[in-house]
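Here's the structure, in structure tokens; my notes come after.
Bear in mind that the values in this text are calculations on the coordinates, not laboratory data. Just so it is clear, the model here is predicted, and its values are computed rather than measured. Methodologically, a virtual Cβ is constructed for each residue, glycine included, from the backbone with ideal geometry; neighbour enumeration extends over all protein chains shown.
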Ligand SMILES: [Zn+2]
């Protein structure tokens, strides 16, 4: 028995080493580290990398952070913040529940235990439901449809228009600089990841984006959840693409087509070329190509429309072990 146990442990250790070696050989596309802070407009800044973008809004009293990246990036975020201000962090807003957006809340709450963490009410529910949640991810204030924070040029407006990436995605608007954070409803300028485990829906997504376009006024800059600063016009085009993807999925199902045939149909419209490119987006290589994302969402749409459990939301382009975006 002893010998068997020893052999077993050697085999297990060997497998572990082999697994590690394999991981080192083929790490897949990597998530870039926290990058340099960039001015968006006026007192609004963006810190890229290490998961979702962290948006910084400097108010009279302090800095408001929208999203805090993956865990263990608090110091890196603070280092970037300190290049533009000495003000303390006074509030965190999380656009949704995923740990690449609230992962470093703990760093700032440890420094200032009384600061508020504000989210949509459904995000609080998902944080509570996830056994891997850090307590610092738990919101202290929530909203259902609308919330106003601050006043004058420091005013922030929070909006909720329904499900999409999850069912707790907040729009965070900064009226004084005519800009907003859209979270992972538009993580990048390509079809977004849909997370059915937290209420996400490719059927609901275009409705939610269209309601936002009708309900939000006075914004011309849109900070993507992981990617660049886009324009309002860019978000309108992105919404049209997500609506067309759903329409094509419905038509394809009715004709007995495959998702691949639906993709070919989408490619017939030159307006959608940017959303169907086969090249990886810079620093977003871990997210796959726009075309691969579109095909994933056509598969998700097929499953949702047929009333099946969604199993295709994480396609092959996502590296093993990577957190949801
Ligand atoms: Zn996400």
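List of remarks:
- For the chain, relative contact order (Cα pairs under 8 Å, six or more residues apart, normalised by length) works out to 13 percent.
- Rounded to 5, the percent of DSSP beta bridges in the range 169-325 classed as antiparallel: 65 percent
- Listed from fewest to most Cβ neighbours within 10 Å, the set 137, 91 follows the order 91, 137.
- The separation of the range 134-156 from the range 224-303, counted between C-alpha centres, amounts to 32 Å.
- Centroid-to-centroid separation of the range 184-221 and the range 37-89 [C-alpha atoms, Å]: 23 Å
- Model label points for residue 260 and residue 141, set 7 angstrom from Cα along the Cα-to-Cβ axis, are 5.2 nm apart.
- Taking other Cβ atoms within 10 Å as a rough exposure proxy, 186, 147 sort from fewest to most as 147, 186.
- An oblate overall shape is assigned to the chain, the ratio a/c of its alpha-carbon gyration tensor axes (a ≥ b ≥ c) being 1.5 or greater and a/b not exceeding b/c.
- Cα→Cβ-extended label distance, 7 Å offset, between residue 78 and residue 233, nm: 4.2 nm
- For the range 191-246, the square roots a ≥ b ≥ c of the C-alpha gyration tensor eigenvalues yield an a/c of 1.5 or more together with a/b exceeding b/c, which makes the shape prolate.
- Over the chain, dividing the summed -39,500 (n - 2.57) contributions of all DSSP H runs of at least 4 residues by the number of residues returns a 222 nm mean residue ellipticity of -11000 deg cm²/dmol.
- The chain: antiparallel DSSP beta bridges as a percent of all, rounded to 5: 65 percent
- Fewest-first ranking of 210, 267, using other Cβ atoms within 10 Å as the exposure measure: 267, 210
- Sorting 224-231, 128-135 by their mean Cβ neighbour count within 10 Å, with the most densely packed peptide first, gives 224-231, 128-135.
- Theoretical gain in end-to-end length, residue 114 to residue 253 [0.36 nm per residue, Cα-Cα removed]: 44.9 nm
- Choice from 169, 67, 116 with maximal GNM fluctuation in the chain (Cα, 10 Å cutoff): 116
- Pairwise FRET efficiency - residue 217 versus residue 271, Cβ, R0 = 25 Å, nearest 0.05: 0.50
- Backbone N atoms of the range 190-216 closer than 15 Å to the 7 Å Cα→Cβ label point of residue 155 belong to residues 216.
- For the range 190-325: rounded, prolate or oblate by the Cα gyration tensor [a/c cutoff 1.5]: rounded
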